[in-house]
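In what follows, a structure is listed as structure tokens, so that the remarks can point back to it.
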Amino acid sequence: MVFGAVMVLGVSGLLGREAEWRAEANGVRLEVHTSEIIRNGEFFEMRVTVESDKPLTELVIGVDEALWTDMTVNTMIPAATDEASADGEFRFTFAELLANTPFLLKVDLQVNPDIVAGNDGAVTVYDGEEPMATTDISITVLP
């Protein structure tokens, strides 16, 4: 009986579900693929894809601190050339992004046990200091 209930919950997506958030502005396309619903203690992956109609001199990806509060970042591929915390964001600087060349950032995270309900925040693409595109993300964390 318990096994059957777990199977029904798993098939329904109530034990975990992934989603994609997208934004397009200033000729920049941003897509974030990650878990929308996840359980405490689980590992998950966030993939950030950026493509631009024009070259970006200095690609910077900003993640609101609130989105990753009480989460542990295990791996980030590729590694940023610079990492900073500014204006309530973690900012990761990469090299120039050529026009119409997709960039993929893969981040492996783990949900720490003290998160209750989940986290909300935004992911923003910058060209240096200039914001280009932003998408708001909400991750629900189940006990």
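The values are calculated or read from the model by the stated rules, or taken from the named source; none is laboratory data. What you see is a predicted model, and the numbers here were worked out from it, not measured in a lab. We place every Cβ from the backbone using ideal geometry, glycine too, and count neighbours over all the protein chains shown.
Is at least one residue of the stretch 1-17 modelled with pLDDT under 95, in contact with a strand residue (DSSP E or B) (Cβ under 6 Å, 6 or more places away or on another chain) and of a type outside the set (F, W, Y)?
Pass one, the stretch 1-17, residues modelled with pLDDT under 95: 1-17.
Next cut, in contact with a strand residue (DSSP E or B) (Cβ under 6 Å, 6 or more places away or on another chain) only: 16-17.
Now restrict to residues that are of a type outside the set (F, W, Y): 16-17.
Among the residues of the stretch 1-17, at least one is modelled with pLDDT under 95, in contact with a strand residue (DSSP E or B) (Cβ under 6 Å, 6 or more places away or on another chain) and of a type outside the set (F, W, Y), which makes the answer yes.
Test of understanding: among D120, D108, D114, which residue is of a type in the set (D, E) and at pLDDT below 95? Don't jump to the end; show me each part of the working.
Details: D120 fails: at pLDDT below 95; D108 fails: at pLDDT below 95.
D114 is the lone residue from the list that is of a type in the set (D, E) and at pLDDT below 95.
State whether the residues of the stretch 52-64 include one that is assigned to a strand (DSSP E or B), surrounded by 15 or more Cβ atoms within 10 Å (Cβ to Cβ), of a type in the set (D, E, K, R) and at pLDDT 95 or above.
Yes, the stretch 52-64 has at least one match.
Say we look at the stretch 81-102 and pick out the residues that are within 18 Å of the chain's Cα centre (by Cα) and not in a strand (DSSP E or B); which of these is farthest from V63 (Cα to Cα)?
P102
Report yes if some residue within the stretch 114-124 is out of contact with any Ser or Thr (no Cβ under 8 Å at 6 or more places or on another chain), touching a residue at least 60 places away in the same chain (Cβ under 8 Å) and over 19 Å from E20 (Cβ atoms); otherwise report no.
No, every residue in the stretch 114-124 fails to be out of contact with any Ser or Thr (no Cβ under 8 Å at 6 or more places or on another chain), touching a residue at least 60 places away in the same chain (Cβ under 8 Å) and over 19 Å from E20 (Cβ atoms).
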